[in-house]
Every structure is written in structure tokens, then in C-alpha cells.
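Visitor: Questions regarding the structure given below will be posed in turn.
The values are calculated or read from the model by the stated rules, or taken from the named source; none is laboratory data. Predicted, not measured: the structure shown is a model, and the values here were computed from it. Because the Cβ atoms are built from the backbone with ideal geometry, glycine has one as well, and the counts that use them run over all protein chains shown.
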Amino acid sequence: MKAGNDSNPPANRRIGVLLCDDSALTRITLKKIIESTADLYVAGMARNGEEALIKARNLRPGVIVLDVEMPVMDGLTALKTISAEALAPVLMFSNLTVAGAHTTLEALEAGAYDFIAKPGGSVNLARFAEEIVRKIRSAALSNPQVCREVPVSEDGIKAERPRTDPPPTVVRPAIRASGLAFKTIVIGVSTGGPRTIFEVLPLLPADLKAAVILVQHMPPTFTSAFAQRLNNRTAMPCVEAEAGMLLEKGKIFVARGGFHLKLTKKTNREILLRTPSEPRHLFMPSVDITMESVAEHFKGDSIAVLMTGMGWDGASGMFKINEQGGVTIVESRETAVVFGMPQEALKRGCVQVVAPCWAIAKELLKAVEDDY
């Protein structure tokens, strides 16, 4: 029987995916992408959240791709039951609209593993397909049933993952003074970040003697909604970064989706934000580019944090901050939804502190007060 029917998968395929979208064309498009890979197959398809719940209970897929807006039962309602019953990790399939952004962020806080933005008219379809496959594989790693049957890496290759990491042996280099009046914290995060970051930023005080820059891999429209949600739950004001803004202590700046976030110094030593669209990069905004800019201007008064996320973005930037004598912190494997970004920094040998997400705010306060 063909893969994609509600039947046993072919023997050479491993991760079953349940697709739920009210658009037949979208379901067919996603099915073609998934069926083009050797390690994924379509376990079933559903037209609304109600059908998705029935099929998820019967099929026990490795991953569920769930549309946000659907008739009968929407994706957010279905997600809450899927999460409560621990049926499978969920990737939300979201429109690139303001309303879609707010609903998707609510879904991520409610337990969705990650989201996939629906392609627009000028989207690179090959890159879109690559993102879907990469995120499905990553989500499968968080499914205990999939990991028991086939231990897979984020690249789809069988691999055993150690539960803990050895403590870093990096000694903080000599601090290079910036001559600036306050410090700057730059936090890089990706998959799992919209939920995990609430374990950190709300714990920082309103009178923090540092500026905070958050680089979360998100598309345009999403970062504005994300900054609004953070602003409602943090002691410090939180805004989406705009070109020409003054970097200030006691304030959180969320890098804008689709652009990088860099710094520039005025003659009076004030620091302004820049939002260039170059260089073109796999990630817009890029953690590396922001961290390198912070290292250039704040030198030893820089504090770098890498948290949950796929890939390598941020490792090179953290290395630069460590070279300048800044403080470098990564989230530990035990709490990271995906350990990719912290692990890459550990491989570079530039990490001074490894901590679970709930302890990172405490480490930041120590770094700001020079208690290391």
C-alpha cells in the first residue's frame, strides 16, 4: 500500500507524520515533501482538529503537523488535548499574519514543539521543504516512542546521545574594557525559545544595570507579537528593535524578524541600533552577527547566552565575546528542548558556564555585578 494511507509504514521508513490542514492542496504539498525523504512517511491526514485527535490516538504518529486556523476544531484547541494526552510532539503550521503570530505564540507556550510559517508568494520552496524536514526530524527526537524504536540525530542519522555534558574548563580571558557606562546581555535562542525564555527574562529586575538583546529565530510579524507578550510579563520594558533606537540599560530589545541587529557608536559614546538586511544569512536575524557586533562595542562588558535551538548560529559570536573577556553562558542539555546551539558553543571551547534554563537569570545577575 502507498505511504500516506492509514496503514503500516514501509519497512525502510521510520518517522510517521500526521498532517492536519483544512486545505487539500496544502496537505498534498506537505505529503510530497515528506514522502521525498527516506526516513519520513505520512501516517495519516486530517482536515480539522477533531479528525486529528481521532487519528493521533489511533495511529500514534512520531510527529503531528497541525494547522492553526481550521473549521470544526482549530489547531490551538486540538493542541491542548494532544499535549495533555502526550500523543506526539506538534509543529504548528501558521499564517504569516499578526493574528497568526499571536495564536502561534500562544500555541508554543501551550506545548507546541515549534512552528512552520506558511510560504508566501516569493518563498524559496526548496528552503521551505528543507525547513519542514529538519523540524520534523528534530521534533521526533523529543518523542520517547520514536527514540526508543530508532535513536535518530537531528540529521536523521542513528545516534546515541549522552544525558549529561562534562563541565566546561574554559577560563575567562583578561577583560578588555569598553569604556561604556553599562553592560549588554545578548541571548540567542531558536526552537523551544518562545516558551523557555519565560524562565529567564521575567526573573530579571527592572533596575538591571545592563541592556538585554534577544535574538530569537522568527519571521517578520512574529517578533513584534513576541515582544508584546514579553513586555506584559517582564519587569523591564520590552520592545521590538528598530533602526535608530538608543540602546539603554534596563530595557529588552527583541531583534526584528527578517533583519539583523547590529550596533553603532555615536561620538558621545551612546550606542544606536541598526537593522541591516545584509549579509544574507540562513537566519534573519542571526545570533552570530548580533553577538559579534556586541563584542566589538562592549568588549569585556558583553554577556552572551545561548539557549535551546537547532544548528550552529551563535557559536562563533560567543567565541568572539569570550575572546574579549566577556561572560559566556549556555543552557544545559537537561532543560534545552534542542541542545544544538549550546552544544556547538561547547565544541568551540568558549563556554564558561552551563546552567539549566531556570538558573540562567541568576547567572546573568552575577555576570552584571562582576561576581565571577
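Yes/no matrix, rows are residues, columns are (1) more than 22 Å from Arg137 (Cα to Cα); (2) touching a Leu at 6+ places or on another chain (Cβ under 8 Å); (3) at pLDDT below 95; (4) hydrophobic (A, V, I, L, M, F, W, C):
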residue: Lys299; (1), (2), (3), (4): yes, no, no, no
residue: Gly314; (1), (2), (3), (4): no, yes, no, no
residue: Met318; (1), (2), (3), (4): yes, yes, no, yes
residue: Phe339; (1), (2), (3), (4): no, no, yes, yes
residue: Pro356; (1), (2), (3), (4): yes, no, no, no
residue: Leu364; (1), (2), (3), (4): yes, yes, no, yes
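Visitor: If you don't mind, there's one more thing I want to ask. Any residue at all in the range 287-301 that's crowded, with 20+ Cβ neighbours inside 10 Å and not in a helix (DSSP H, G or I)?
Guide: no
Visitor: Within the group Leu261, Leu247, Leu230, Leu272, which residue is out of contact with any His (no Cβ under 8 Å at 6 or more places or on another chain), hydrophobic (A, V, I, L, M, F, W, C) and exposed (fewer than 15 other Cβ atoms within 10 Å of the Cβ)?
Guide: Only one candidate qualifies: Leu272.
Visitor: Inspect the range 39-46 for any residue being under 23 Å from the mean Cα position of the chain (by Cα), in the same structural domain as Ala140 (by TED's automatic domain parsing) and under 19 Å from Ile136 (Cα atoms) and give the result as yes or no.
Guide: There is at least one residue in the range 39-46 that is under 23 Å from the mean Cα position of the chain (by Cα), in the same structural domain as Ala140 (by TED's automatic domain parsing) and under 19 Å from Ile136 (Cα atoms).
Visitor: Can I ask one more? Tally the residues that are in a loop (DSSP other than H, G, I, E, B) and surrounded by fewer than 21 Cβ atoms within 10 Å (Cβ to Cβ), restricting the search to the range 311-323.
Guide: So the answer is 2.
Visitor: Could you list, in sequence order, all residues of the range 302-329 that are over 12 Å from Gln352 (Cβ atoms) and among the β-branched types (Val, Ile, Thr)?
Guide: Of everything in the range 302-329, just one residue is over 12 Å from Gln352 (Cβ atoms) and among the β-branched types (Val, Ile, Thr), namely Thr308.
Visitor: Right, next: Would you tally the residues in the range 326-349 being farther than 14 Å from Val287 by Cβ, of a type in the set (Gly, Ala, Ser) and either touching a Lys or Arg at 6+ places or on another chain (Cβ under 8 Å) or not in a loop (DSSP other than H, G, I, E, B) (or both)?
Guide: 1
Visitor: Just the residues that are of a type in the set (A, V, I, L, M) and more than 27 Å from Asp370 (Cα to Cα), please, taken from the range 210-240.
Guide: Matches in the range 210-240: Met218, Ala225, Ala227.
Visitor: Would you call Glu331 among the charged types (D, E, K, R), within 14 Å of the chain's Cα centre (by Cα) and in the same structural domain as Ala255 (by TED's automatic domain parsing)?
Guide: Yes; evaluated as a whole, the condition is true for this residue.
Visitor: For the range 43-69, give me each residue that is in a strand (DSSP E or B) and in contact (Cβ under 8 Å) with a residue 60 or more places away in the chain.
Guide: Scanning the range 43-69 gives Val63, Val65.
Listed here are the residues, each with its yes/no results for (1) of a type in the set (A, V, I, L, M); (2) in contact with a Phe, Trp or Tyr (Cβ under 8 Å, 6 or more places away or on another chain); (3) assigned by TED's automatic domain parsing to the domain that holds Gly193.
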{"residue": "Thr264", "(1), (2), (3)": "no, no, yes"}
{"residue": "Leu272", "(1), (2), (3)": "yes, no, yes"}
{"residue": "Gly314", "(1), (2), (3)": "no, no, yes"}
{"residue": "Gly317", "(1), (2), (3)": "no, no, yes"}
{"residue": "Lys320", "(1), (2), (3)": "no, no, yes"}
{"residue": "Gly340", "(1), (2), (3)": "no, yes, yes"}
{"residue": "Cys350", "(1), (2), (3)": "no, yes, yes"}
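Visitor: Which residues, counting only those in the range 47-67, are surrounded by 24 or more Cβ atoms within 10 Å (Cβ to Cβ), hydrophobic (A, V, I, L, M, F, W, C) and either outside the structural domain of Arg137 (by TED's automatic domain parsing) or more than 12 Å from Leu79 (Cα to Cα) (or both)?
Guide: Within the range 47-67, Val63 is the sole residue that qualifies.
Visitor: From the list Glu106, Glu85, exactly one residue is modelled with pLDDT of 90 or more, within 25 Å of Gly257 (Cα to Cα), of a type outside the set (S, T, N, Q) and surrounded by fewer than 18 Cβ atoms within 10 Å (Cβ to Cβ). Which is it?
Guide: Of the residues listed, the single one that is modelled with pLDDT of 90 or more, within 25 Å of Gly257 (Cα to Cα), of a type outside the set (S, T, N, Q) and surrounded by fewer than 18 Cβ atoms within 10 Å (Cβ to Cβ) is Glu106.
Visitor: How many residues does the range 70-101 contain that are in a loop (DSSP other than H, G, I, E, B) and touching a residue at least 40 places away in the same chain (Cβ under 8 Å)?
Guide: Here the count works out to 6.
Visitor: Do we have any residue at all in the range 264-274 that's aliphatic (A, V, I, L, M), farther than 22 Å from Pro205 by Cβ and touching a residue at least 24 places away in the same chain (Cβ under 8 Å)?
Guide: Yes: the range 264-274 contains one or more residues that are aliphatic (A, V, I, L, M), farther than 22 Å from Pro205 by Cβ and touching a residue at least 24 places away in the same chain (Cβ under 8 Å).
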